[in-house]
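See below for the structure under consideration.
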Amino acid sequence: MLLNIVFLGYSGGAFVGQRIASYFKETTGSFTTAYVSAAALTAIGIALVGLILYINRRKAQH
């Protein structure tokens, strides 16, 4: 079940990401904004995974 959720997120990002990147390219003239926003979303995702792992470990200790 978890793997299905991961692939759903991956396919959604692959579908929407290209459109967002092309929008940034058309409006700003470069892909820099798309790269920065992708890096920010990646950092948020990593932080959320870390938070979930932390919460699960605390629950397992109790």
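Residues with amide H under 5 Å of PHE31's amide H, sequence separation 5 or more or different chain, H placed in the peptide plane at 1.01 Å from N; which?
Amide H neighbours of PHE31, under 5 Å, 5+ apart: none.
For the chain, find the longest principal axis of its Cα atoms and tell me its angle to the long axis of helix 2-28, 0 to 90°, nearest 10.
30
How much accessible area per residue does the chain have, counting only protein heavy atoms and a probe of 1.4 Å, in square angstrom?
Details: 5490 Å² over 62 residues.
Value for the chain: 89 Å² per residue.
Per DSSP helix of 4 or more residues, -39500 (n - 2.57); summed, then divided by the residues of the chain. What does that give at 222 nm, rounded to the nearest 500? The partial results should precede the final answer.
Details: 2 runs with 57 residues, N = 62.
Taking each H run of at least 4 residues, the total per residue is -33000 deg cm²/dmol.
Eigenvalues of the Cα gyration tensor times 5, then square-rooted: what semi-axes does that give for the chain, in whole angstrom, largest first? Write out the running numbers ahead of the final one.
Numbers: eigenvalues 204, 45, 4 Å².
Sorted largest first and rounded, they come to 32, 15, 5 Å.
Keeping the other protein chains in place, figure out the carbon and sulfur percent of the accessible area of the chain, with a 1.4 Å probe. Before the final figure, lay out each step's value.
Details: 3930 of 5490 Å².
Ligands and nucleic acids excluded, carbon and sulfur give 72 percent.
The values are calculated or read from the model by the stated rules, or taken from the named source; none is laboratory data. Quick caveat, the model's predicted, so the values are computed rather than measured. Surface areas here come from the heavy atoms of the whole protein model, side chains and all, with no ligands, DNA or RNA. Shrake-Rupley method; radii C 1.70, N 1.55, O 1.52, S 1.80 Å.
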